[in-house]
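Peer 1: First, the structure itself, so that you have it in front of you.
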Amino acid sequence: GQHFVVCGGEKGDIRVWDLHSRTLVSLCTEHKSRVTALEMFDGDEAFMSASRDRAWCVWDVRRGARLSGHMQAMGALNGAAIARDQVQVVTVGQC
């Protein structure tokens with residue numbers, strides 16, 4: 001089930017909230033610009049983020065630790081989504 005809400009800010013910060021206790025679970029601050037996409041992986045253990053800083057990352061929900069990070073060569077990322085297979089990530093950006 002869905003236990004968390006993930007929200008991103010204009011300055012690149014990401015907050016993970018527990019829906020049941022209504023408490024802040026983790027704060028992720030590695031993005032340097034506006035967060036443009038957030039999506040949870042199945043199982044509520046990790047989520048993906050994309051940002052105008054050209055980066056997309058996978059995060060541990062509870063620890064707020066970056067599990068992997070990837071950088072687009074040129075242009076900002078305007079959006080991203082996790083494929084149904086939960087392995088591939090699709091991003092869209094500027095050239």
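Peer 1: Using the alpha-carbon centroid of each, what span in Å lies between segment 64-78 and segment 7-24?
Peer 2: Segment 64-78 and segment 7-24 have Cα centres spaced 19 Å from each other.
Peer 1: Tell me, what are the semi-axes, in whole angstrom and largest first, of the equivalent ellipsoid of segment 1-42 as set by the roots of 5 times the Cα gyration tensor eigenvalues? Spell out each step's value before the answer.
Peer 2: Details: eigenvalues 77, 27, 10 Å².
Equivalent-ellipsoid dimensions as semi-axes: 20, 12, 7 Å.
Peer 1: Could you tell me the relative contact order of the chain? Use alpha-carbon pairs under 8 Å, at least six residues apart, and round to a whole percent. Intermediate results must be reported in sequence, preceding the final value.
Peer 2: On the way: 235 pairs, mean separation 18.8, N = 95.
Relative contact order here is 20 percent.
Peer 1: Tell me, what is the per residue accessible area of the chain in Å², probe radius 1.4 Å?
Peer 2: Details: 5710 Å² over 95 residues.
That works out to 60 Å² per residue.
Peer 1: Does anything in segment 22-46 have its amide N under 20 Å from the 7 Å Cα→Cβ label point of residue 63, and if so which residues?
Peer 2: Taking a point 7 Å out along Cα→Cβ of residue 63, the residues of segment 22-46 whose backbone N falls under 20 Å are 24-31, 39-46.
Peer 1: Can you compute the charge dipole magnitude of the chain about its Cα centre, using +1 on each Lys and Arg Cβ and -1 on each Asp and Glu Cβ, nothing else charged? Give it in debye, rounded to the nearest 20. Walk me through the intermediate numbers first.
Peer 2: Values: 11 positive and 11 negative charges, 65 e Å.
Using Cβ point charges on Lys, Arg, Asp and Glu, the chain gives about 320 debye.
Peer 1: Name the residue, out of 20, 31, 70, whose mean-square fluctuation peaks in a Gaussian network model built on the chain with Cα pairs under 10 Å.
Peer 2: 20
Peer 1: Right, something else. Take the alpha carbon atoms of the chain, find their radius of gyration, then divide it by 2.2 N^0.38 Å using N residues; give the quotient. Spell out each step's value before the answer.
Peer 2: Values: Rg = 12.6 Å, N = 95, 2.2 N^0.38 = 12.4 Å.
Here the Cα radius of gyration is 1.02 times the empirical estimate.
Peer 1: In addition: Counting only protein heavy atoms and a 1.4 Å probe, tell me what percentage of the chain's accessible area is made up of carbon and sulfur.
Peer 2: On the way: 2820 of 5710 Å².
Heavy-atom surface of the chain belonging to carbon and sulfur, 1.4 Å probe: 49 percent.
Peer 1: Next up: Ratio of alpha-carbon Rg to the 2.2 N^0.38 Å globular estimate for segment 45-90, to two decimals, please.
Peer 2: 1.14
The values are calculated or read from the model by the stated rules, or taken from the named source; none is laboratory data. These numbers were taken from a predicted model, which means no experiment stands behind them. FYI the Cβ positions are ideal-geometry reconstructions off the backbone, even for glycines, and counts take in every protein chain you see. Heavy atoms of the whole protein, side chains included, go into the accessibility calculation; ligands, DNA and RNA do not. Shrake-Rupley method; radii C 1.70, N 1.55, O 1.52, S 1.80 Å.
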